[in-house]
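The structure appears right after this line, and notes come after that.
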Amino acid sequence: MSRHAQPQILEVPADAAVAEASSGGSSAEALQMRARPIPRISIQAFAEDARTVEALESAAEDRRLAKAHVSIHLGGLQAAVAHYASNPTPGLIVVESTLDRRAMVAELDRLAQSCDAGTKVIVIGHVNDVLLYRELLKRGVGEYLIAPVAPLNVMESISSLYTDPQSDPVGNVLAFIGAKGGVGSSTVCHNVSWTMSEALKTNVVIADLDLAFGTTGLDFNQDPVQGIAEALASPERLDEVLLDRLLTKCSEHLSIFAAPVVLDRDYEISADACDHVLDVVRQNVPFVTVDLPHTWTAWTKRVLLGADEVVITAAPDLANLRNAKSVLDLLRQSRHHDGPPHLVLNMVGMPKRPEITVKEFCQNLDLKPGAVIEFDAESFGQAANNGQMVEELNKKSKAVQPIRELAMALAHRKGVVAQQARSPLAPLLEKLKLKL
């Protein structure tokens with residue numbers, strides 16, 4: 001919406017869009033997946049209703065808008081018109097209006113006279129009117145939302161304005177962290193990543209951020225010369241060509257961003273460098289699994305809070321319970337619009353070790369387990385020595401099914417598990433049922 005540029009008419013069925021907006025849109029999970037990270041833009045909002053202000057403030061605090069600069073003002077559409085008569089417009093304006101159709105369109109025409117080239121506009125209205133929606137689209141308004149709005153609706157609308165429908169969607173970042181050192185978080189990360197790449201036939205990159213002691217190269221029987229340390233040292237140089245050179249291909253769909261694993265150098269990692277590197281990787285593959293070390297730094301915290309999905313791996317003892325609760329409390333406090341993290345209870349049933357039961361562990365966290373993996377030193381030890389994943393070594397291992405279910409849950413493809421687990425006798429049994 002600009003005084004210098006022709007309005008862009010969006011090809012959206014007006015009646016369907018208004019109906020979806022009025023009903024609150026799709027499910028929360030679908031909105032979470034559609035609301036992608038917002039680029040580094042300036043967003044200024046002008047609201048009238050207190051509930052709208054609350055929704056906008058909640059959205060501004062979300063991880064998806066971490067890079068954007070958001071300011072919220074009162075007064076709605078009319079205040080925006082007055083403000084921009086003497087001030088430059090930002091990249092995105094969000095305005096709320098309680099006016100009827102004619103008055104709202106007239107005010108938006110006045111606002112358009114002050115808009116700079118490239119400025120996008122989202123309107124929040126209180127009228128469920130298809131004719132109004134069409135008028136707004138003709139004037140280049142990016143989206144029309146019907147109040148009351150939810151934070152996820154706002155974020156999804158902003159995402160859609162900055163996502164090219166012709167380009168590949170931005171990939172998901174899946175962060176894996178252990179509640180305690182030595183609980184097998186890296187092993188779970190590597191096995192889940194391999195399973196996703198094999199079961200879904202989709203590209204996955206493992207980013208090993210344990211620069212001094214990472215095991216990704218060992219677990220996949222690789223000895224890369226270069227890896228993620230080079231990217232983190234000069235993040236501004238990382239592009240698609242350099243990324244391809246730094247990645248080590250392990251299979252048709254799986255690559256690793258390996259750690260250097262040398263101790264004759266200091267590793268100073270900045271949170272901004274991590275952000276930039278992961279952003280470049282996620283632009284090129286559907287899934288980036290991040291193997292986080294068991295250390296607590298500014299960049300570890302930012303990666304964890306900014307990930308699309310979080311997996312906490314823990315052993316069933318008291319120290320793991322305490323640490324898992326600390327991580328969980330932080331995530332619940334900071335990620336209001338995301339689903340709960342995935343809890344993996346690993347090495348359950350180790351002989352002669354006193355354990356907290358799975359039921360008690362999960363009750364104390366108020367969290368259902370995403371996977372329970374029984375202690376199996378033989379399978380995991382042999383797989384590690386061979387540079388294989390557990391399912392490669394032994395398809396009948398008890399760990400295969402929970403790892404596969406976790407992988408499909410992280411990819412939001414739970415149906416694939418049922419399809420793969422289907423008995424080979426199923427077609428014959430179906431035919432027998434039909435005859436009966």
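The values are calculated or read from the model by the stated rules, or taken from the named source; none is laboratory data. Keep in mind it's a predicted model, so treat the numbers as computed, not measured. Neighbour counts are summed over all protein chains in view; Cβ atoms, including those assigned to glycine, are modelled from backbone coordinates with ideal geometry.
At a glance:
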{"read-out": "Within the range 355-385, considering residues that are more than 26 Å from the chain's Cα centre (by Cα), outside any helix (DSSP H, G or I) and among the hydrophobic types (A, V, I, L, M, F, W, C), the one surrounded by the most Cβ atoms within 10 Å (Cβ to Cβ)", "value": "I356"}
{"read-out": "Residue that is farthest from L304 (Cα to Cα) [pool: residues in the range 328-354 that are touching a residue at least 40 places away in the same chain (Cβ under 8 Å) and crowded, with 16+ Cβ neighbours inside 10 Å]", "value": "M347"}
{"read-out": "Residue among V188, V183 that alone is buried (at least 24 other Cβ atoms within 10 Å of the Cβ), in the same structural domain as L406 (by TED's automatic domain parsing), in a helix (DSSP H, G or I) and at pLDDT 95 or above", "value": "V188"}
{"read-out": "Any chance A307 is within 13 Å of the chain's Cα centre (by Cα) and either surrounded by 23 or more Cβ atoms within 10 Å (Cβ to Cβ) or at pLDDT 95 or above (or both)", "value": "yes"}
{"read-out": "Among residues of the range 43-101, those that are touching a His at 6+ places or on another chain (Cβ under 9 Å), polar (S, T, N, Q) and over 20 Å from Y144 (Cβ atoms), counted", "value": "1"}
{"read-out": "Test for G125: is it at pLDDT below 90, closer than 14 Å to V94 by Cβ and either buried (at least 21 other Cβ atoms within 10 Å of the Cβ) or among the hydroxyl-bearing types (S, T, Y) (or both)", "value": "no"}
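Residue-wise test of (1) surrounded by fewer than 18 Cβ atoms within 10 Å (Cβ to Cβ); (2) touching a Lys or Arg at 6+ places or on another chain (Cβ under 9 Å); (3) in contact (Cβ under 8 Å) with a residue 60 or more places away in the chain.
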residue: K249; (1), (2), (3): yes, no, no
residue: V261; (1), (2), (3): no, no, no
residue: V288; (1), (2), (3): no, yes, yes
residue: K301; (1), (2), (3): yes, no, no
